[in-house]
Amino acid sequence: MRALALLLLLAATPAAATRVTDLRVDGPFVTATLDGPVETVKALSLDAPRRLVVDLSGVDAARRSAKGSGDITAARIGPFDAATARLVIDLKVPMTLAAAAVDGSALTLRLTPADAAAFARAVARGRRPVPTTARLIADFDTGDEVFAGDQGDVAPPPAAPRRHGARPLVVLDPGHGGKDAGTISPYAGGASTTGAGGYEKNVVLAIARAAAAELRKDGQVRVKLTRDDDTFIELNERVAIARREKADLLVSVHADSAPNPSARGASVYTLSETASDAVAARLAARENAGGGVPGIDTSAAPDVGDVLIGMTQRETMNVSVGFAETLAKSMAQAIGFRGEFHHFAGFLVLKAADVPAVLIETGYLSNPDDAALLQSDDGEKRIGRAIAHAIEAHFAR
Ligand SMILES: [Zn+2]
């Protein structure tokens with residue numbers, strides 16, 4: 001009864017606004033740690049003194065400031081009105097917003113230096129909404145801002161999918177395997193017959209198998225798996241398999257984890273020279289390390305930041321971006337993911353210069369709801385089918 005009274009009391013209270021629990025500046029990245037979602041993000045560039053102002057609605061922020069780093073002098077956040085928090089970033093040099101990512105646990109902004117004319121244009125535009133979901137930001141060569149509908153926003157049109165032979169070939173790559181368990185869920189013991197145990201390696205194998213079964217049933221696309229059992233494969237070998245098979249697309253399947261158990265939802269990553277936000281950079285470091293298992297040598301592979309992306313790879317990246325957009329739509333219908341969907345990051349497995357590749361993090365094993373879905377036969381089939389249908393839609397274009 002007391003529990004019921006408490007429930008009634010809670011029900012009568014309006015939903016609590018998201019709070020900001022930390023703010024930091026690290027080079028061009030500004031990260032506000034959050035305990036919930038952000039409704040909308042709007043940004044405004046101001047001159048004399050130069051600063052970037054970012055308004056977050058649905059956020060209730062106590063005053064907090066962070067020391068600067070690099071070209072950023074300092075950052076501070078505080079209440080703007082009853083329903084909005086205002087983040088002010090003081091700039092040493094003219095900079096604009098290059099990328100914004102929001103999930104349930106953080107807002108991450110990446111700023112990029114701008115010339116005087118570009119900064120003046122940003123100031124003249126005034127306050128405007130910042131896209132943070134399901135929008136692909138191809139900013140790695142233009143340095144342009146991310147604002148939707150920008151005249152100067154040059155996102156290359158996705159290149160046409162390529163195919164070898166009558167039916168295209170997709171290589172599905174379940175992450176980890178064997179001695180490399182990947183992420184281990186604290187919510188193990190799901191009912192799934194194939195992906196149980198809380199190990200990422202089992203969950204992603206079950207999802208990849210479900211996707212392969214759906215593709216084979218429909219018969220439009222040929223499919224190969226880098227592993228169809230609990231074997232360990234080096235990252236470089238996964239890429240080599242896709243190349244050897246002359247794959248038209250490589251889809252690496254993973255499951256995520258985060259320190260904040262409320263973080264959930266799927267994310268799709270394609271290659272870039274540098275990770276587009278701090279979260280993607282951290283994740284790439286973890287996946288590239290093969291889950292921290294000793295004996296995995298990634299030193300042979302050059303740091304992705306050192307790789308000059310040639311014309312072939314740029315073309316390949318555009319195909320990958322096109323597929324990532326299709327996948328985002330398909331996953332949204334099947335799973336109802338939340339939060340930021342797309343990042344660019346330097347995952348080693350995406351580095352097959354001549355094979356378009358995406359890496360999908362299917363959900364968070366550190367979140368109880370996602371973990372239950374990812375470890376259920378039904379959830380694995382649903383996610384697998386969504387991936388399969390995105391692949392079919394991609395090649396049907
Ligand atoms: Zn993984």
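Restricted to region 34-82, the set of strands (runs of 3 or more DSSP E) holding at least 2 residues that are charged (D, E, K, R) and under 21 Å from P129 (Cβ atoms) comprises 51-57.
If I ask for residues that are aliphatic (A, V, I, L, M) and in contact with a helix residue (DSSP H, G or I) (Cβ under 6 Å, 6 or more places away or on another chain), which ones from region 361-388 would you list?
Residues of region 361-388 that are aliphatic (A, V, I, L, M), as a first pass: 365, 371-374, 383, 386-388.
The answer is L365, L373, L374, I383, A386, I387, A388.
Quick one: how many residues across region 51-87 are surrounded by fewer than 18 Cβ atoms within 10 Å (Cβ to Cβ) and touching a residue at least 12 places away in the same chain (Cβ under 8 Å)?
20
Residue check: is I233 away from the ligand (no atom under 13 Å from the Cβ), over 30 Å from L107 (Cβ atoms), of a type in the set (V, I, T) and touching a residue at least 24 places away in the same chain (Cβ under 8 Å)? Spelling it out, it is not the case that I233 is away from the ligand (no atom under 13 Å from the Cβ), over 30 Å from L107 (Cβ atoms), of a type in the set (V, I, T) and touching a residue at least 24 places away in the same chain (Cβ under 8 Å).
FYI, it's all coordinate maths here, none of it is from the lab. Keep in mind that this is a model prediction, so the values were computed, not measured. Cβ atoms come from the backbone with ideal geometry, glycine included; neighbour counts cover every protein chain shown.
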